[in-house]
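Asker: The following block contains the structure, expressed as structure tokens.
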Amino acid sequence: ALPDEAVPDVQQEMRPKAAPARAPAPAFIPPTVFKVAEDGWSERYTMDGAPYYYNEKTEAVSWNCPDSLKDTDELQHEGGNWRWCPDPEDAWVPGREVEPGVCITEKGERVELTAKDPNWPIMMSSLRHLEQDLVMIDDMNEGLIIHNLRGRFAEDKIYTAVGTILISVNPFKRLPLYMPSIMEMYYRSGGNKRLPPHPFGIADHAYKSMRHEGKHQSILISGESGAGKTEATKQCLAFFAEVAGSETGVEQKIIEANPILEAFGNAKTGRNNNSSRFGKFMEIHFDHHGKIMGARTENYLLEKSRVTFQMEGERNYHIFYMLCTGSRAQEFGLTASMDHHRFLNQSGCFEVAGMDDRQEFQEVLEAMDCLGFTPEEQAFIFRTAVAVLLLGDVQYTFNDKQDAAVITNPDLVQRIAGFLSVDPAEFAESLKS
């Protein structure tokens with residue numbers, strides 16, 4: 001967001017730098033012999049080497065190879081009427097209609113279609129060309145969209161555009177897509193150069209639009225659990241920090257807030273090892289020169305029920321495991337094994353593959369130091385978290401004579417009251433009421 005009175009001056013800063021000289025790519029040399037059919041169809045090539053088909057008699061042009069140019073094998077495998085067939089694994093797969101309402105899919109399976117199934121025809125050329133922008137596909141239907149996304153995903157191209165919208169498919173592995181050199185490429189892009197879809201492209205467009213137009217910009221990141229929303233947010237923040245860093249280093253503090261937010265708001269679920277269990281609205285403020293000068297984060301809809309119960313194979317919030325294994329476990333008396341705590345032992349899951357809770361806790365401590373949390377404030381936060389964890393270990397029994405609940409481990413209640421700095425007797429009464 002820009003200050004209301006901001007007048008951006010970006011002519012000098014946003015002028016693209018001259019690209020280093022590169023050796024010219026070898027030109028495509030089309031074959032000297034073209035396929036020509038008696039009905040006028042002939043095979044030709046674009047400057048990029050992509051085949052297309054031209055009819056000299058009718059002047060028709062097509063990306064789809066006509067039957068008259070296909071050999072026997074191609075006619076056998078590609079001829080006939082093709083349409084999208086439902087598939088339990090891949091949602092939609094191409095199938096050739098062998099009789100009305102019956103198709104043989106490319107997997108060799110026989111599928112009987114009903115009147116409720118959509119009749120989306122297929123041009124075979126559409127299956128060969130994977131577009132990086134779905135606006136460019138031949139037929140806008142669910143089958144071809146999924147085919148395009150699936151094909152790009154197989155090539156580790158996890159980002160696909162739909163105009164100004166970016167679709168991201170989580171690869172659940174590290175890819176070399178976020179280096180500073182790639183940030184620079186998107187920031188310095190200009191003219192008609194078309195870059196592959198990327199979160200940096202979205203962030204760059206928002207940043208430059210804010211500066212050129214002097215208007216606030218918004219980026220909405222949504223998706224189901226495990227889709228990659230948290231990582232996409234990190235990449236946008238990293239881009240802003242790289243291209244709009246300030247002399248005060250405030251952008252680093254914005255990035256350092258992430259480990260803290262994730263420790264207290266993220267957990268392992270059945271689909272995602274680092275799932276955000278809350279919503280987040282973040283504002284980043286820029287000065288007149290386009291430099292970051294501050295930020296504000298608002299959290300909402302935290303999944304509070306996860307504190308007391310987790311499904312099998314899931315975990316509670318990361319901070320509880322960090323406290324039990326981290327460098328300050330002794331300080332808070334967390335010496336028992338994690339399966340001793342009621343709020344941690346219900347799911348049978350205590351560790352996450354590829355995640356070191358002890359190391360993650362050190363990063364949380366460093367982030368708190370960077371953001372200016374005093375030792376007293378840090379201790380208060382951790383004592384409160386430990387108190388919440390130990391509340392699950394309080395045990396009760398029922399006294400028939402007094403017709404009331406009785407706490408069987410009052411020493412633990414007194415310890416929790418100490419962490420919360422409240423009167424032990426009043427606290428014990430509140431737990432029984």
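The values are calculated or read from the model by the stated rules, or taken from the named source; none is laboratory data. Nothing here was measured: the structure is a model prediction, and the numbers come from that model. Backbone-built Cβ (ideal geometry, glycine too); neighbour counts: all protein chains shown. Accessible surface areas use protein heavy atoms only, side chains included; no ligands, DNA or RNA. Shrake-Rupley method; radii C 1.70, N 1.55, O 1.52, S 1.80 Å.
Asker: Here's a check for you: in the range 112-131, which residue that is crowded, with 16+ Cβ neighbours inside 10 Å and either under 27 Å from the mean Cα position of the chain (by Cα) or without any contact (Cβ under 8 Å) to a residue 12 or more places away in the chain (or both) is nearest to residue 97 (Cα to Cα)?
Answerer: This residue is 127.
Asker: So residue 308 passes all but one of these: (1) in contact with a helix residue (DSSP H, G or I) (Cβ under 8 Å, 6 or more places away or on another chain); (2) open to solvent by 50 Å² or more (accessible area, probe 1.4 Å); (3) in contact (Cβ under 8 Å) with a residue 60 or more places away in the chain; (4) not aromatic (Phe, Trp, Tyr). Which condition number does it fail?
Answerer: (1)
Asker: Check residue 350 against each of (1) out of contact with any helix residue (DSSP H, G or I) (no Cβ under 8 Å at 6 or more places or on another chain); (2) closer than 23 Å to residue 274 by Cα and name the one condition it does not meet.
Answerer: The one condition residue 350 does not meet is (1).
Results for (1) modelled with pLDDT under 95; (2) over 25 Å from residue 317 (Cα atoms); (3) assigned to a helix (DSSP H, G or I), shown as yes or no for each residue.
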{"site": "385", "(1), (2), (3)": "no, no, yes"}
{"site": "398", "(1), (2), (3)": "yes, yes, no"}
{"site": "406", "(1), (2), (3)": "yes, yes, no"}
{"site": "414", "(1), (2), (3)": "no, no, yes"}
{"site": "429", "(1), (2), (3)": "yes, yes, yes"}
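Asker: Within the range 234-252, restricting attention to residues that are closer than 30 Å to residue 269 by Cβ and surrounded by 18 or more Cβ atoms within 10 Å (Cβ to Cβ), which residue is farthest from the chain's Cα centre (by Cα)?
Answerer: 241
Asker: Next question, about the same structure. Looking only at residues in the range 340-363 that are acidic (Asp, Glu) and assigned to a helix (DSSP H, G or I), which one is surrounded by the fewest Cβ atoms within 10 Å (Cβ to Cβ)? Walk me through how you get there before you give the answer.
Answerer: Kept after step one, since they are acidic (Asp, Glu), are these residues of the range 340-363: 351, 356-357, 360, 363.
Checking the rest, the ones that are also assigned to a helix (DSSP H, G or I) come to 357, 360, 363.
Working: 357: 21, 360: 19, 363: 17.
Taking the candidates together, the pick is 363.
Asker: To continue, here is another question. Restricting to the range 118-167, name every residue that is within 15 Å of residue 195 (Cα to Cα) and among the hydroxyl-bearing types (Ser, Thr, Tyr).
Answerer: If the condition is that a residue be within 15 Å of residue 195 (Cα to Cα) and among the hydroxyl-bearing types (Ser, Thr, Tyr), then 159, 160, 164 are the ones that fit.
Asker: Among the residues of the range 323-339, is there at least one that is open to solvent by less than 90 Å² (accessible area, probe 1.4 Å), under 14 Å from residue 260 (Cα atoms) and under 29 Å from the mean Cα position of the chain (by Cα)?
Answerer: Of the residues in the range 323-339, the ones open to solvent by less than 90 Å² (accessible area, probe 1.4 Å) are 323-329, 332-334, 336-339.
Imposing the further condition that a residue be under 14 Å from residue 260 (Cα atoms) reduces the set to 323.
Going one step further and asking which of them are under 29 Å from the mean Cα position of the chain (by Cα), we end up with 323.
Looking for residues that are open to solvent by less than 90 Å² (accessible area, probe 1.4 Å), under 14 Å from residue 260 (Cα atoms) and under 29 Å from the mean Cα position of the chain (by Cα), one finds at least one in the range 323-339, hence yes.
Asker: Cβ-Cβ distance below 8 Å, separation of 6 or more or different chains: which pairs start in the range 178-189 with a residue that is within 21 Å of residue 156 (Cα to Cα) and in contact (Cβ under 8 Å) with a residue 24 or more places away in the chain and end on one that is open to solvent by 30 Å² or more (accessible area, probe 1.4 Å) and of a type in the set (A, V, I, L, M, F, W, C)?
Answerer: Correct list of pairs: 186/195.
Asker: A further question follows. Looking at (1) modelled with pLDDT of 90 or more; (2) in a helix (DSSP H, G or I); (3) touching a Phe, Trp or Tyr at 6+ places or on another chain (Cβ under 9 Å), can you tell me which one residue 251 breaks?
Answerer: (1)
Asker: Any residue in the range 147-155 that is touching a His at 6+ places or on another chain (Cβ under 8 Å) and surrounded by fewer than 17 Cβ atoms within 10 Å (Cβ to Cβ)? It would help to see each step written out before you state the result.
Answerer: Step one: of the range 147-155, the residues touching a His at 6+ places or on another chain (Cβ under 8 Å) are none.
The answer is no, given that none of the residues of the range 147-155 is touching a His at 6+ places or on another chain (Cβ under 8 Å) and surrounded by fewer than 17 Cβ atoms within 10 Å (Cβ to Cβ).
Asker: For the range 413-423, does any single residue satisfy the condition of being at positive phi, open to solvent by 40 Å² or more (accessible area, probe 1.4 Å) and polar (S, T, N, Q)? Spell out how you get there, then give the answer.
Answerer: Let us first name the residues in the range 413-423 that are at positive phi, namely 421.
This time we only want the ones that are open to solvent by 40 Å² or more (accessible area, probe 1.4 Å), so: 421.
Then drop every residue that is not polar (S, T, N, Q), which leaves 421.
Within the range 413-423, one or more residues are at positive phi, open to solvent by 40 Å² or more (accessible area, probe 1.4 Å) and polar (S, T, N, Q).
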